[in-house]
Amino acid sequence: MNFLLEIGAEEIPDWMIEPALKQLSTDFAALLAANNLSGTVKAVDASPRRLTLWAEGLSAGQSDSEELVTGPPKSAGIGAANGFAKKQGATLDALDTLTTDKGEYFAYRKKVVGRTTKVILAEALPDLILKLYFPKTMYWTGKGGPRFIRPIRWIVALLGGEVVNFDLAGVASGNVTYGHRRLSKGPLPVTFENYEETLRKNYVLVRAGQRRQRILDGIAKLGANVKTDEKLLHVLTYITEWPTPIMGSFDASYLELPKEVLVMVLRHHQKNFSVEKADGGLSNQFVAVMNIDNDNEGIVRSGNERVIKARFNDAKFFWDVDQQRKLSDRVQDLAKVTFQAKLGSYLEKSNRMVELAQQLGGEDAARAAGLAKADLTTEMVKEFTDLQGIVGGLYAKVQGESSEVSQAIYEHYKPLSMEDSIPSTKTGQAVGLADKLDTLKSCFSVGMAPTGSKDPFALRRAAQGVVKILIEGGWRVSLKGLLGGDKQLEEFFLDRLKHYFREIRGFKYDEVNAVIATGWDDVVDVQDRLLAIQAVRPTENFEPLAGGFKRMKNIVTQAKFTTGKLDVALLSDEAEIELHAAAEKLRGQLQGLSYPESLAAIAGLRPAVDKFFDKVMVNAPDQSVRNNRLAMLAGLLSEFSSIADFSEIVTG
Amino acid sequence: MDLYQQTLFKLKQYWADRGAIIQEPYDMEVGAGTMCPETFLRVLGPKPYKVAYVQPSRRPADGRYGDNPNRLYKHQQLQVILKPTPVDVLEQYMGSLEAIGIDLTKHDLKLEEDNWESPTLGAWGIGWQVMLDGMEITQFTYFQQCGGVDLELVPAEITYGLERLTAFLQGVESVYDIQWAPGFKYRDVRYNDELQGSVYNFEMADVDMLWQLFALHEKESQRLIDGFAGYEGKRRYPLLAAYEHVLKCSNSFNLLDARGAISVTERVGVIARVRKLAVGVAQAWVLQEAVR
């Protein structure tokens, strides 16, 4: 049998829909499995007002089954057996004997009648629906009532053409759905087969993929050169049921405002796509996506145009007002802007940033760091918070700061995410480092390190940004030096560093562990060593050699060997003499080699190491011989593990 | 095309037809319709209530001397409270837009997530901003908590921004060009308010006096809240007066803010002082209602 479930709700926030669908699918499959029902989830999909699941191949019910109930031991006698039989609702002669290693027992094969799928679903679905996770839920039927993301207004639950009856939050399940809020009228009875088509006729595309395509097709039809914007496209896909793009325009004189501001208004405030001219510049057009079929009378277009004009007017007003005071004059105002209650004002933060930026990037960086936060006092940033930094950079430029300085201010919040690029200039990188490091050091110094999922100051992102700038900007500096000796902060960075190399760069975790074990103060060097390991690892000798090093380390550790000097005269066995010679030779070769070359050369020790373990017993009866062998192994370990601790490599 | 006042009449009539009490504006300074006792106190407790009223709402920091076409120090809200929320509440709301002449088959209406919160009132709710052709015209909220108290019946709060809505309907680009009554524009009625209000709020309001007023009202409100527990005959205890002093505190705070007299650091602390009073009144109010 097929099964259709539609949870009809008031408009669900766009960004919560996909995770909820994923869970709906998983939980429903788990429900079938837990009740020994066949069937698979064919699809889940959604619009703002409905979460829908399609399943097929459901059995009509559970098959009947038998359950073996163990009773008293045979030795307990017929009285006990009678009691057991009675309790099971059976007669004495219906009992079986169960033989176990503890003896013989009375037993009864109880018939369990299977339940129908309809009954099982009716019982389980209310819970399944209410257990869907949403980041912020509400109640609506009264205190103590069910919680969901928004009120549930109808439920379609159809199993093989029949309604699965249940009640949830005062809503009875049925076969009735609803179309577009205004382009469709009244309740719509549906079946599994005609559900999508019925909705389509009533101006609802229940498939997000189809809505997305309708937006893209609409844009193509408008002939608009829209800048690709996956995030906005995703939002629009999930706040509409019948999306239709239209094009509007604004007075070209507004193009005098910085592109960043215009795009911010269009994109973030109005959820419109900006349109580019052939030369890549911003055009005075935009694309809005409506939730109705058409705008033949141009009503929606002119409405949007008026709102945009008002918004741009505001922006122009902010720009003009802000130019009345230079950024450099605003710096002192930062004394009145709190950075954080325990950490003082932004002026204090700026002063600390200047000092650090000076060390890292010299005069330009210091100048930029001093001005970087001044835009927090501007009207433009108060209105468009997301443009902080960018606005400062733009203002610095028109106020005559050098392009090195203005560019550094413009980019100093970068990278905003792990996908974002780092500031494009060394000066910008220095300012970005100074800003983020200051935030981190300050917060850690007053005990505001992130705990669990709580990270109100986005310190993880800040640290990740530092790591990314240092590595991708090629900063050969001492990270621990920058962290000022705060052990907790060092631990925090170590985690971020591992995260960066594993998750962002895709290195294997054992390689990351091996390389970091021998030091991580210079993170660019860590990267170079990782690249070397990655390159050499597939070669024939590397992993066996790593195995050999691990064995050496185990032996040395188990013997609690601490110090001791190798005495060449005490080497007697052929294999150990050879290993010593190979190591001596290798030592000479390593001079001036790159990391990959060194690793390849070290891997060349493998035959000698293999032979050594094959022929030589380290734990020789003679104490002095044993100590000498341990000394040799310890020496090899320390000498050839400067690139990576090979014993951390997980082998075959 | 409807005049400003005609649109108002229609909206009031629409909600009156659906059983709402049509109230007049509260006779004190408030920052939003939500702060009126008709909302703040009525949403508490187990009694159903339905009310609609226009509330002039003061936000001193938003003043622009009457120069800005869209920003006002004092704007008008139509506030609708439906407690408990009817299941077809969004249908009813959309019907109200159609009642004032908006054909929703030809306009783009979207509900975008926007959860409302007022730290000053210890109140929050879940809801949307309603966007019409790209303009926010209404805040729609399912109240969850008020004065720190979980609400027994969940009310829907519908707040229409009247100037925006009518400017939109009349197709004018400045709220001052809204035709209010025959021969009178919004400018004729309200410009002086905006100009002089801005001058006073930004330039002349006496900061020391405002701090004193804040302290006086805070003290009086707290005295009343403290007296409630030990008072015989709870029904007649003047919690409404206690609440009015909270409103006075809130307005003093807003004026101080407009004067730039409250640093960012102080801000949180002052908001917490007002919230403490609001929570105190709300809790006592719930007890008092239970006595009836």
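Considering only region A:10-35, how many residues are open to solvent by 10 Å² or more (accessible area, probe 1.4 Å), closer than 16 Å to residue A:117 by Cα and in contact with a strand residue (DSSP E or B) (Cβ under 8 Å, 6 or more places away or on another chain)?
Selection size over region A:10-35: 1.
State whether one or more residues within region A:195-203 are open to solvent by 40 Å² or more (accessible area, probe 1.4 Å) and within 14 Å of chain B (Cβ to nearest Cβ).
Scanning region A:195-203, I find at least one residue that is open to solvent by 40 Å² or more (accessible area, probe 1.4 Å) and within 14 Å of chain B (Cβ to nearest Cβ), so the answer is yes.
Only residues that are of a type in the set (Asp, Glu) and more than 14 Å from chain B (Cβ to nearest Cβ): list them for region A:1-46, please.
A:6, A:18, A:27, A:45
Return the residues of region A:210-222 that are of a type in the set (Gly, Ala, Ser) and without any contact (Cβ under 8 Å) to a residue 24 or more places away in the chain; say none if nothing qualifies.
Selection gives A:220 alone.
Here is a list: B:25, B:37. Which entry is buried (at least 17 other Cβ atoms within 10 Å of the Cβ), more than 14 Å from chain A (Cβ to nearest Cβ), in contact with a Phe, Trp or Tyr (Cβ under 7 Å, 6 or more places away or on another chain) and within 25 Å of residue B:200 (Cα to Cα)?
Just a single option satisfies the conditions, and that option is B:25.
With open to solvent by 40 Å² or more (accessible area, probe 1.4 Å) and free of Cβ contacts under 8 Å to residues at least 60 places away in the same chain as the only criterion, which of A:144, A:174 stands out?
Exactly one residue qualifies, and that residue is A:144.
Which residues, counting only those in region A:268-297, are at the interface with another protein chain (Cβ under 10 Å from one of its Cβ atoms) and of a type in the set (Gly, Ala, Ser)?
Selection gives A:288 alone.
Working only within region A:77-93, note down all residues that are over 60 Å from the mean Cα position of the chain (by Cα), open to solvent by less than 60 Å² (accessible area, probe 1.4 Å) and touching a residue at least 12 places away in the same chain (Cβ under 8 Å).
A:80, A:81, listed by residue number.
Looking only at residues that are of a type in the set (Val, Ile, Thr) and at pLDDT 90 or above in region A:382-418, which one is surrounded by the fewest Cβ atoms within 10 Å (Cβ to Cβ)?
Among those that are of a type in the set (Val, Ile, Thr) and at pLDDT 90 or above, it is A:398.
Residue-wise test of (1) touching a residue at least 60 places away in the same chain (Cβ under 8 Å); (2) over 45 Å from the mean Cα position of the chain (by Cα); (3) outside the structural domain of residue A:636 (by TED's automatic domain parsing).
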position: A:550; (1), (2), (3): yes, no, no
position: A:553; (1), (2), (3): yes, no, no
position: A:560; (1), (2), (3): no, no, no
position: A:566; (1), (2), (3): yes, yes, no
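Filtering region A:162-189 down to residues that are in a loop (DSSP other than H, G, I, E, B), more than 37 Å from the chain's Cα centre (by Cα) and among the charged types (D, E, K, R), which residue is farthest from residue B:110 (Cα to Cα)?
The residue in question is A:185.
Take residue A:318 and tell me if it is open to solvent by less than 50 Å² (accessible area, probe 1.4 Å) and not in a helix (DSSP H, G or I).
No; evaluated as a whole, the condition is false for this residue.
Return the pair list, or none, for Cβ contacts closer than 6 Å from residues in region A:223-242 that are more than 14 Å from chain B (Cβ to nearest Cβ) to residues that are open to solvent by less than 30 Å² (accessible area, probe 1.4 Å) and among the aliphatic types (A, V, I, L, M), at least 6 apart or on different chains.
Every condition considered, the pairs that remain are A:224/A:275; A:224/A:287; A:225/A:275; A:226/A:219; A:226/A:275; A:226/A:287.
Considering A:521, A:510, which residue is in contact with a helix residue (DSSP H, G or I) (Cβ under 7 Å, 6 or more places away or on another chain), open to solvent by less than 70 Å² (accessible area, probe 1.4 Å) and assigned to a loop (DSSP other than H, G, I, E, B)?
Within the list A:521, A:510, the selection yields A:521.
Assess whether residue B:61 counts as being at pLDDT below 95, on the phi < 0 side of the Ramachandran plot and either assigned to a strand (DSSP E or B) or surrounded by fewer than 21 Cβ atoms within 10 Å (Cβ to Cβ) (or both).
yes
If you go through region B:177-203, how many residues are touching a Lys or Arg at 6+ places or on another chain (Cβ under 9 Å) and either part of a loop (DSSP other than H, G, I, E, B) or closer than 30 Å to residue B:273 by Cα (or both)?
Count: 8.
Exactly one condition in (1) under 30 Å from residue A:1 (Cβ atoms); (2) β-branched (Val, Ile, Thr); (3) modelled with pLDDT under 90 is not met by residue A:100; state its number.
Looking at each condition in turn, residue A:100 falls short on (1).
Among (1) more than 10 Å from chain B (Cβ to nearest Cβ); (2) of a type in the set (D, E, K, R); (3) within 15 Å of residue B:168 (Cβ to Cβ), which single condition is residue A:306 missing?
Result: residue A:306 passes all but (1).
Got a sec? Which of A:606, A:587, A:629 is buried (at least 21 other Cβ atoms within 10 Å of the Cβ), touching a residue at least 40 places away in the same chain (Cβ under 8 Å) and under 50 Å from the mean Cα position of the chain (by Cα)?
None of the others qualify; the one that does is A:629.
Looking at residue A:348 and the list (1) of a type in the set (D, E, K, R); (2) surrounded by 20 or more Cβ atoms within 10 Å (Cβ to Cβ); (3) without any contact (Cβ under 8 Å) to a residue 24 or more places away in the chain, which single condition is not satisfied?
(2)
Quick check on this structure: which one of B:126, B:102 is within 12 Å of another protein chain (Cβ to nearest Cβ), within 26 Å of residue A:186 (Cβ to Cβ), of a type in the set (Val, Ile, Thr) and open to solvent by less than 20 Å² (accessible area, probe 1.4 Å)?
When all the criteria are applied, what remains is B:102.
So which residues in region B:100-121 are touching a residue at least 24 places away in the same chain (Cβ under 8 Å) and among the hydrophobic types (A, V, I, L, M, F, W, C)?
B:100, B:102, B:111, B:116, B:121
The values are calculated or read from the model by the stated rules, or taken from the named source; none is laboratory data. This one's a predicted model, so the numbers in the text were calculated from it and none came from an experiment. In this analysis, Cβ positions are derived from the backbone assuming ideal geometry, glycine residues included, and neighbour counts consider all displayed protein chains. The accessibility values were calculated without ligands, DNA or RNA, using every heavy atom of the protein model including side chains. Shrake-Rupley method; radii C 1.70, N 1.55, O 1.52, S 1.80 Å.
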